[in-house]
1. Where does the stretch 283-413 land on Rg(C-alpha)/(2.2 N^0.38 Å)?
2. Quick one: Kirkwood hydrodynamic radius for the stretch 603-665, alpha-carbon pairs, angstrom, one decimal?
3. So what is Rg over Rh here for the stretch 408-506, counting just Cα atoms and using Kirkwood for Rh?
4. Taking only protein heavy atoms into account and a 1.4 Å probe, give the accessible area per residue of the chain in Å².
5. Counting only residues 5 or more places away or on other chains, whose amide H sits under 5 Å from the amide H of VAL251 once H atoms are built in the peptide plane?
6. Near the amide H of GLY467, under 5 Å away, which other amide H atoms are found, from residues 5 or more places off or on another chain, if H is placed in the peptide plane?
7. Can you give the angle from 0 to 90° between the axis of helix 490-500 and the longest principal axis of the chain, with both taken from C-alpha atoms, to the nearest 10?
8. Consider just the alpha-carbon atoms of the stretch 125-171 and return their Rg together with their Dmax, both in angstrom.
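The values are calculated or read from the model by the stated rules, or taken from the named source; none is laboratory data. Only a predicted model underlies this, so the values are computations on that prediction, with no experimental measurement involved. Here Cβ is always computed from backbone atoms with ideal geometry, including for glycine, and neighbour counts include all displayed protein chains. What goes into the accessible areas is simple: the full protein's heavy atoms, side chains included, and nothing from ligands, DNA or RNA. Shrake-Rupley method; radii C 1.70, N 1.55, O 1.52, S 1.80 Å.
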Amino acid sequence: MVSIGAKTKAQSTLPVYLNESASIEQRIEDALSRMTLEEKVAMCHAQSKFSSAGVPRLGIPENWMTDGPHGIRAEVFWDKWDQAGWTNDSCIAFPALTCLAASWNTDLSSLYGKVIGEEARYRNKNVLLGPGVNIYRTPLNGRNFEYMGEDPLLSSRMVVPYIQGVQSNGVAACVKHYALNNQEIDRHTVNVDVDDRALYEIYLPAFKAAVQEGKAWAIMGAYNKYKGQWAGQNQYLLNDILRGEWKFDGVVVSDWGGINDTKQAIYHGLDMEFGSWTNGLTMGASNAYDNYYLADPFLKLLKSGEVKEEEVDKKVRNILRLVFRTNMNTKRPWGSFATEEHALAGRKIAQEGIVLLKNNNNTLPINLAKTKKIVVVGENAVKLMTVGGGSSSLKAKYEVSPLDGIKKRIGTQAEVVYARGYIGEQPKAQDGLSTGDSITDNRSADQLMKEALTLAKGADFVIYVGGLNKNDKQDSEGNDRASLGLPYNQDKLITELAKVNKNLAVVMISGNAVAMPWVNDVPSIVQGWYLGTEAGNALAAILVGDVNPSGKLPFTFPAKLADNGAHKLGVYPGKGEEKYNESIFVGYRWIDKEKIKPLFSFGHGLSYTTFEYGKVTADKKQMTADGKMTFSVSVKNTGKREGQEIVQLYINDVKSSLPRPIKELKAFNKISLKAGETKRVTFTIDKTALSFFDPKKHDWVAESGDFNALVGASSTDIRSTIAFKLK
Ligand code: BGC
């Protein structure tokens, strides 16, 4: 009795902000009321490369951010990008987000979020700088590999579970880069000129879903400008849309060095400024961070009364909300780091994201019973891909290269021989971290090709592993690719390999579409992405058929650059001004409109089994504006082994007052079928699936009239269509 009484008394003297039974909003107001102006301002900007101040006097902890989005970045020095040399910060590298998107499996997205969140939590980070959901507008964008493809519906459905998974650890997901950061060239200066329809229909939906469905606790303003204001200090994007229309109650974080003006940073919805100057104590003040736009200049304006205290309070409320949701939530789990469980989760995601693009005559899986000698060709078979590419670069606990994965899986079942085949690039170190793989070769390009061809000729099977890498002007932040073509004369090598051996699998490691002038010469092609720690094991499992491929492309592979709207219309990369003239016709929407045959379509991916689709049916002929409609289709596995199929529902609006894409993805379902098994897949839609954004009304509209529902295995492989009406 006595001890209970004592406890009650202690609880009643606990300040409200520390009392977990009080509501977060009450705790915020209480904490705010105890803070000085200086303490408030200190929370609004960085104090180091990746952290911002707490309120030590009140026991309110600091905020610690980490990249994101494929693993937890190595610890860096307080003021420098260089890694600090810790020996306990080697993480699990998860597959790049393009690979996750290619799995079209929302459960895997949830798993991804959960495990990366556990890693962040263990490392005491309360904000994960990811996921990224900028739309794939051009295949040249150096950061496409960090995003979830070209389609707003697919990226929306995939981003929500990722966020929920991360945040179940008491770690905030910081969705980036809001918004319109669709190219790396001129990213700090380019002003994006996009019409409202494209903004709302293409570029914003994934962010909106992240905020409203995923309930993301943080969002990062992009580097570029929109309507002449930098995205991180942007009235339209932050105040009007994010907070006004979507009611976002989380924290807006700037991109590192993305802030350029104190007044806009104060009034346009930003909460925390990072990365403006991070070169230590050399800025002339006692502390460089005091010079931040939201540091001393902000404090001065507040003290003089030119800016009302309410402005800093708004920001601090959001920041405190973040702290209560994360660091001060005593019930959040502890996390775990670099575990086998996490590595296996990454492997599972990798295996489901790999896409079998082409497979003539069942070239794959490799028939080991008939294969005595396998020749692996290509630099990417040995090149580590978790290092490089910009801020998503990782210090991985380990990374299984494709060659090692193949060798391990094949064991003594066949001889595996390697030939590099071409001279690529010596991998660069990033943040003081090198890949450790030395791939210098003093032989000439001719000698390397000759060696590969001679070996390939005498092999039972040839696996080519090439593509792009994480070096500058490839799949890497800060720059775009120079062309759609493969670097290092790979086209020639692949063409020659196809001539000497018909048992050839071409594995492309990249986060982007590449041109394939040899597409008709090679029997099989695998899109292998960047797969992280377990890369080689995942790839080998697909190549030998332990795992049946089930990924599908989250973006179009155009045959040439001019088959992409942004390029055809000649606007990319703009000259300081990037006008999105193709408007809503991005990716397959452009391909459909222009009747172009893509190299590989959005939604395309093969399996080692085959699927037969029945006829799509609907539960009614007509839908009312407030009603729903259900479509269903039976899908049968007509092959000899179990497999997964991603069934896609597209909607076509027959007649509309504004131009619309021929069709748009509105639902999908990934199902698993045993050999011979049939399942019925159902999709229920409401009028949101029929709506477009009307810029005049500034609202979504579904016009009554005729529609078609198209069910298919890809955006160009529609198996069945049914007409219906909206009343
Ligand atoms: C990138 C962000 C990243 C940040 C911190 C910036 O250059 O654009 O995506 O989170 O750096 O590393």
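1. Numbers: Rg = 26.6 Å, N = 131, 2.2 N^0.38 = 14.0 Å.
This ratio for the stretch 283-413 stands at 1.90.
2. 14.5
3. Ratio of gyration radius to Kirkwood radius: 1.00.
4. Numbers: 26500 Å² over 727 residues.
The answer is 36 Å² per residue.
5. Result for VAL251 returns ALA218, ILE219.
6. For GLY467, whose amide H was placed from the backbone, the distant partners under 5 Å are ILE509.
7. It works out to around 30 degrees.
8. So, for the stretch 125-171, Rg and Dmax equal 12.0, 36 Å respectively.
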